[in-house]
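Below is one structure, written out as structure tokens; the observations come after it.
The values are calculated or read from the model by the stated rules, or taken from the named source; none is laboratory data. Everything numeric in this text was worked out from a predicted model, so none of it was measured. Please note: Cβ atoms are built from the backbone with ideal geometry, for glycine as well, and neighbour counts cover all protein chains shown.
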Amino acid sequence: MRAPITHRATRASRKKRDTAPDATFAEVVRLITTARRKAFQTLNTTLVDLYWHVGEYISSKLESSTWGEGVVDQLAVYIAQRHPDMKGFTRRNLFRMRQFYETYRTDEKVSPLVTQLPWTHNLLVLSRCKTPEEREFYLRTCLREGWAKRDLERQLAGALFERTALSPPMISAPLRAVHADAVGVFRDSYLLDFLDLPEPHSEADLQRGLVSNLRRFLAELGADFAFVGERYRLQVGGRDFALDLLFFHRGLRCLIAIELKIGEFQPEHLGKLEFYLEALDRDVRKPHEHPSIGVLLCATKDNEVVEYALSRSLSPALIAEYQTRLPDKAVLQAKLHEFYSLAEHQIAEPASGERLPHTGGLPDAGRRTEH
């Protein structure tokens, strides 16, 4: 005869049935999420491809004088009246599709990129970027960083392209040697306009502001940065030290130490950062991880002082600035235009024995110029 089942055993069995499928359910949710993401990407690619072909068709008709611009107006009215379910084909949008096609049709490097981004992103880049180099920079960076529309708008307003072209990151020789891929990860200046800092503010105020706005700070740092901790404790000998901010970069597979300075960069700041890097590599870094990288984030810096300080540095480190206000984009654009004009003039007519300026080429998402 079978033994009677106790209430305790029944409850335990029921509890086991309730909790056991959790991992399986999570896997199902992951499959659904992945499928939805792929479906959205496929839909987006199809939609942008459609707009490309509509723009191509309109462009060919206008260029051959088969159509006048008034015919495009008639097309918009026809679609609206005969096919009211087809949204987004207004006169304005139809001309945008034409502009979209004509802008990228001869650019073999960039045209494959546009279908990988949402139409709203393409419109932002198309309307706010004036040169092919600027458009390519934002398209590539969008893809690499996975920017949302709001992130792209912020970087456009913050003149990221101009800042990157005019001020490539200043990094040490060991950083170039140990982390060849790191050159395209870091910037010379970081825009922290989301901080509401008092004036004057302390380093503690800056640190608290960054941690309180961690999501925005991570978006500014770039893709693959993961937050590890603030005031990270390092014990060396019988003393305790506190590193301001510690991150991990998944792509570079290394720890990123960030030290904050609210004043101008001083050469002695680099010595403390290098000490922290040594402690991280000896006591914190895992065997499979690469050597740690140090970032000294200062309010201001003299580039010549930075160059001298980094020239003898034995650690993978860089010096960068932070800005709490949007830069004057018009001024930066004027400086960039002057910079490129000077470079073109000197390349065309170099003086005897004169060194040509190094423009660094296109500051795209995968390549930055080092000092």
TODO: Among the numbered conditions (1) surrounded by 19 or more Cβ atoms within 10 Å (Cβ to Cβ); (2) modelled with pLDDT under 90, tell me where residue 309 comes up short.
DONE: (2)
- [ ] Would you check if residue 51 is in contact with an Asp or Glu (Cβ under 8 Å, 6 or more places away or on another chain), modelled with pLDDT of 80 or more, assigned to a helix (DSSP H, G or I) and surrounded by 13 or more Cβ atoms within 10 Å (Cβ to Cβ)?
- [x] no
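Across the range 108-156, what is the number of residues that are out of contact with any strand residue (DSSP E or B) (no Cβ under 9 Å at 6 or more places or on another chain), of a type outside the set (D, E, K, R) and assigned to a helix (DSSP H, G or I)?
22
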Open item on the list: Quick test of your reading of the structure: residue 143 fulfils all but one of (1) crowded, with 18+ Cβ neighbours inside 10 Å; (2) out of contact with any Ser or Thr (no Cβ under 9 Å at 6 or more places or on another chain); (3) of a type outside the set (S, T, N, Q). Name the failing condition by number.
Closed with: (1)
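Each row is one residue, and each column tells you yes or no for (1) more than 24 Å from residue 108 (Cβ to Cβ); (2) of a type outside the set (Ser, Thr, Tyr); (3) modelled with pLDDT of 95 or more.
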| residue | (1), (2), (3) |
| --- | --- |
| 124 | no, yes, yes |
| 130 | no, yes, no |
| 171 | yes, yes, no |
| 181 | yes, yes, no |
| 185 | yes, yes, no |
| 188 | yes, yes, no |
| 194 | yes, yes, no |
| 205 | yes, yes, no |
| 233 | yes, yes, yes |
- [ ] Report whether or not residue 41 is at pLDDT 90 or above and either assigned to a helix (DSSP H, G or I) or surrounded by 11 or more Cβ atoms within 10 Å (Cβ to Cβ) (or both).
- [x] no
Task: Residues located in the range 281-325, provided they are of a type in the set (Phe, Trp, Tyr) and closer than 25 Å to residue 158 by Cβ - done: 322
- [ ] Test residue 272 against the criterion of being under 20 Å from residue 204 (Cα atoms) and free of Cβ contacts under 8 Å to residues at least 24 places away in the same chain, and give yes or no.
- [x] yes
Open item on the list: Condition (residue is within 27 Å of residue 146 (Cβ to Cβ) and of a type in the set (D, E, K, R)) applied to the range 270-283: is it met by at least one residue?
Closed with: no
Open item on the list: When you check residue 230 against the structure, is it over 24 Å from the mean Cα position of the chain (by Cα) and farther than 27 Å from residue 142 by Cβ, yes or no?
Closed with: no
